[in-house]
Amino acid sequence: MTDNKSTEPASPFSDEALRRIAKEKIILALGVKIHVLAFFGVNAFLILLNYFVTSPGRVDWSIIVLSGWFVGLGIHAAAYLIYARGVIGGNKKALIIHLSAEILSVQAVVVINLLTTPAILWLVWPTSAMALAMLVHLIVYAVFLKGNVVKGQKKSWMDRQIDHELKKAGRQG
């Protein structure tokens, strides 16, 4: 008679489900790696092209393309890291993507401003608006959406609203 008790904790996932998750993670990581290789290869080509076809003293347009593409690459990497780290909760994921997009977009705005019209620092306006939007998002997340309230303690605003809706529907919250 064999003992079927294992010292490993029970998993709610079957071996097949775990293999599918592992395969998906590998494919997503490969996608980011291919994107990074394409980013460096294409941008190296564009920098060389810009060097040979642009007159001295003109705007280095290849750097603008590079900074724009860097935004997409950064968000792609952030999306992969959210998946790979197992971040749960749509609100937390949205906050991370928003923060990534803000930081990466600010660098693009700075690059464009400094390459095209360095005497006029118009970058202050869009970067200020982006910072304000991020601040509002952080406040909304911290006040209304953060779900780290311990059971039995004061409920979050969102949990109270859900309980209220359940009571209106005749169910207990």
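Bear in mind that the values in this text are calculations on the coordinates, not laboratory data. Small disclaimer: the values here were computed from a predicted structure and weren't measured. For neighbour counting, all protein chains shown are included, and Cβ atoms are generated from backbone atoms with ideal geometry for every residue, glycine included.
Details
- Cβ pairs under 9 Å, 6+ apart, first in segment 78-104 and over 19 Å from SER67 (Cβ atoms) and in contact (Cβ under 8 Å) with a residue 12 or more places away in the chain, second of a type in the set (Asp, Glu) and loosely packed, with under 14 Cβ neighbours inside 10 Å: TYR83/GLU24
- If you go through segment 18-56 and keep only what is surrounded by 14 or more Cβ atoms within 10 Å (Cβ to Cβ) and free of Cβ contacts under 8 Å to residues at least 24 places away in the same chain, you end up with LEU46, ILE47, ASN50.
- Close contacts from segment 122-138, counting a first residue that is under 17 Å from LEU104 (Cβ atoms) and a second that is part of a helix (DSSP H, G or I) and β-branched (Val, Ile, Thr), with Cβ to Cβ under 7 Å and a gap of 6+ residues or different chains, come to LEU123/VAL109; LEU123/VAL110; PRO126/VAL109; THR127/VAL106; THR127/VAL109; MET130/VAL106.
- Of the criteria (1) in a helix (DSSP H, G or I); (2) touching a residue at least 24 places away in the same chain (Cβ under 8 Å); (3) within 22 Å of LEU114 (Cα to Cα), which one VAL59 fails: (1)
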